[in-house]
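Some notes on the structure that comes next.
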Amino acid sequence: SSIEGQVLASEYECTFDKNGTAIPHPRYLYGAMGTQNSLYPRVIHLLRDLVGGGVLQVPSSYKELVGEETKEDMDKYIRSANGMSAEEKVKLFKLAWEVIGSEFGGRHEQYEMFYAGAPFVAKGYAYRNYGYDEAVG
């Protein structure tokens, strides 16, 4: 292929192999991999702080949002200060729960921490591919 070995924009972005597949520069690829195991848990922690106990206080069923006996109370007590409806707030908090409290969320956090292997291995790749000579220069 005519693009094999070709560099895109600069030597630090990517090259192409014989099949035309873009190969990212190791500095950027391993830099992201080396921090993923600490960044994702931090994001989850921040999300937990932001939503507080709100994710535990949402109705267990949509029927409470539409039922004759409960709709008025749901609209009154679950609404948001910024005018978001009770239904929209419940949707948002249910989505947050999927990320921070469900079994799926827990498995996903494990995946994000270890998909690249042991964290010290991924960080080792990042350190070896950083390009210290250029930074020092």
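The values are calculated or read from the model by the stated rules, or taken from the named source; none is laboratory data. None of these values were measured; they are calculated from a predicted model. A quick note on method: Cβ atoms are made from the backbone with ideal geometry, for glycine too, and the neighbour counts reach across all protein chains shown. SASA here: full protein model, heavy atoms, side chains in, ligands and nucleic acids out. Shrake-Rupley method; radii C 1.70, N 1.55, O 1.52, S 1.80 Å.
Which longest uninterrupted range of the chain lacks any chymotrypsin sites (Phe, Trp or Tyr not before Pro) assigned by DSSP to a loop state (not H, G, I, E or B) and surrounded by at most 15 other Cβ atoms within 10 Å?
Maximal segment without exposed cleavage sites: 63-114.
Just check the range 36-96 against the gyration tensor rule for me: Cα atoms, a ≥ b ≥ c as the square roots of the eigenvalues, rounded for a/c under 1.5, and otherwise prolate or oblate depending on whether a/b exceeds b/c.
Working: a/c = 3.41, a/b = 2.50, b/c = 1.36.
Prolate, since a/c reaches 1.5 and a/b exceeds b/c.
State in Å² the accessible area per residue of the chain; use a 1.4 Å probe, count heavy atoms of protein chains only, and round to the nearest integer.
Here the per-residue accessible area is 72 Å².
With a 1.4 Å probe and every protein chain kept in, tell me what percent of the accessible surface of the range 2-131 is carbon plus sulfur.
Solvent-exposed carbon and sulfur of the range 2-131 make up 57 percent of the total.
Expressed as an acute angle from 0 to 90° and rounded to the nearest 10, what is the orientation of the C-alpha long axis of helix 119-128 relative to the principal long axis of the chain?
It is inclined by approximately 40 degrees.
Under 5 Å between amide H atoms, partner at least 5 residues away or on a different chain: which partners does PHE16 have, H built in plane at 1.01 Å?
Under 5 Å from the amide H of PHE16: GLY5, GLN6, ILE23.
Would you rank SER102, SER38 by solvent-accessible area, highest first, keeping every protein chain in place and using a 1.4 Å probe? Don't jump to the answer; show the numbers that get you there.
Numbers: SER102 20, SER38 60 Å².
So the residues, ranked largest to smallest area, are SER38, SER102.
What figure in square angstrom, to the nearest 10, would you give for the accessible area of MET113 with a 1.4 Å probe?
Near enough 50 Å² of accessible area.
Any idea which of ALA96, TYR40, VAL58 is furthest toward the positive side of the dipole for the range 31-137, if Lys and Arg beta-carbons carry +1 and Asp and Glu beta-carbons -1?
TYR40
Heads up, I need the accessible area for VAL55: 1.4 angstrom probe, whole protein in place, Å², nearest 10.
So the heavy atoms of VAL55 present about 10 Å² to solvent.
Would you mind computing, in nm to one decimal, how far apart the modelled labels at THR21 and LEU92 are, each placed 7 Å from Cα along Cα→Cβ?
Modelled inter-label distance: 4.2 nm.
For the range 62-69, just list the computed ³J(HN,Hα) in residue order, Karplus coefficients 6.51, -1.76 and 1.60, θ = phi - 60°, integers in Hz, with x standing in for Gly and Pro.
Ordered by residue, 3J(HN,Hα) equals 5, 4, 5, 7, 10, x, 4, 6 Hz.
Determine, from the Cβ-Cβ distance of TYR77 and LEU46 and an R0 of 25 Å, the FRET efficiency 1/(1 + (r/R0)^6), rounded to the nearest 0.05.
Approximately 0.45, to the nearest 0.05.
Using only DSSP helix segments of four residues or longer, with each worth -39500 (n - 2.57), what per-residue ellipticity at 222 nm results for the chain after dividing by its residue count and rounding to 500?
Taking each H run of at least 4 residues, the total per residue is -18000 deg cm²/dmol.
Leaving ligands, DNA and RNA out of it, work out the accessible area of LYS94 with a 1.4 Å probe and give it in Å² to the nearest 10.
Solvent-accessible area, nearest 10 Å²: 90 Å².
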